[in-house]
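The values are calculated or read from the model by the stated rules, or taken from the named source; none is laboratory data. Note that the coordinates shown come from a computational prediction; the quantities given were computed from them, not determined experimentally. FYI the Cβ positions are ideal-geometry reconstructions off the backbone, even for glycines, and counts take in every protein chain you see.
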Amino acid sequence: MNRFTRMLNGVTHGDCIEVMRRMRWASVDFILTDPPYLVNYRDRSGRSIANDNDDAWLKPAFRQMHRVLRPDSLCVSFYGWNRTDAFMTAWREAGFQIVGHIVFRKRYASKARFLSYEHESAYLLAKGRPRLPAQPVPDVLEFPYSGNRLHPTQKPVEPLKTLIRSFTRPGQVVLDPFCGSGSTLAAARELERQFIGIDIDATHCQTARKRLLMAEGSLAAAA
């Protein structure tokens, strides 16, 4: 069994840059990821995000994402709105074209300063010239509260499923190099896509693995 096969439908612990360097060129069909926003985030309980205070990883990570993504395919990346310039530079230098912007509408405020923060955002990035979907999804999606029980910035599964359903077919491979608690992986699995998750935090890797095992057990029991 080769390394790629071992990684498939699982969670790999490690620096995603080094892990992706060992992956084959053009080996994944879609990337959906929530990287650190570069804001040194801490939640109310003091939980933080690895590498959220340093952008040294940003350009090399997206270079590797571009390399492992198949030609004429798409990547969705969340980003920190106040570090948009850094993310834009990294995406463009990696070779991605910016082809869309997605707003995830919350029913709650995650923070309030000059404004009440009631949305998250992501950019849709293209490698080459992907085919247009038959039925494009709206660029504003609902973002139900996840509770952040498993991760300080845990994303809800339903809007991720909407994106995976639109931009992939069953059996294709979805990559999340910053997989955290595994929301992207859970969404891919529910839609019968294959997936690869990577995270630098060993605790989050264990959380994601347990989450996927529990989901597998629930599906088996339902069958």
In the set Ile102, Ile98, which member is in contact with a Leu (Cβ under 8 Å, 6 or more places away or on another chain) and surrounded by 17 or more Cβ atoms within 10 Å (Cβ to Cβ)? Ile102
Before we move on, is Val99 within 20 Å of Ser183 (Cα to Cα) and either of a type in the set (A, V, I, L, M, F, W, C) or not in a helix (DSSP H, G or I) (or both)? no
Could you please find all residues in the range 35-49 being surrounded by fewer than 18 Cβ atoms within 10 Å (Cβ to Cβ) and either within 13 Å of the chain's Cα centre (by Cα) or not small (Gly, Ala, Ser) (or both)? Val39, Asn40, Tyr41, Arg42, Asp43, Arg44, Arg47
Options Pro152, Pro177; residue that is crowded, with 16+ Cβ neighbours inside 10 Å, over 14 Å from the mean Cα position of the chain (by Cα) and within 19 Å of Tyr79 (Cβ to Cβ): Pro152
Do we have Ala56 as closer than 23 Å to Thr203 by Cα and free of Cβ contacts under 8 Å to residues at least 24 places away in the same chain here? yes
At least 3 residues that are touching a Gly at 6+ places or on another chain (Cβ under 8 Å) and touching a residue at least 40 places away in the same chain (Cβ under 8 Å) in each: list the helices (runs of 4 or more DSSP H) lying fully within the range 139-223 that qualify. 202-222
For Ala50, work out the one condition from (1) touching an Asp or Glu at 6+ places or on another chain (Cβ under 9 Å); (2) modelled with pLDDT of 95 or more; (3) not in a helix (DSSP H, G or I) it doesn't fulfil. (2)
Restricting the range 16-34 to residues that are part of a strand (DSSP E or B) and in contact with a Phe, Trp or Tyr (Cβ under 6 Å, 6 or more places away or on another chain), the one surrounded by the most Cβ atoms within 10 Å (Cβ to Cβ) turns out to be Phe30
Please work out which residue is farthest from Leu8 (Cα to Cα), limiting yourself to the range 196-207 and to residues that are within 13 Å of the chain's Cα centre (by Cα) and of a type outside the set (D, E, K, R). Ile198
For the range 18-47, give me each residue that is at pLDDT below 95 and touching a Lys or Arg at 6+ places or on another chain (Cβ under 8 Å). Val39
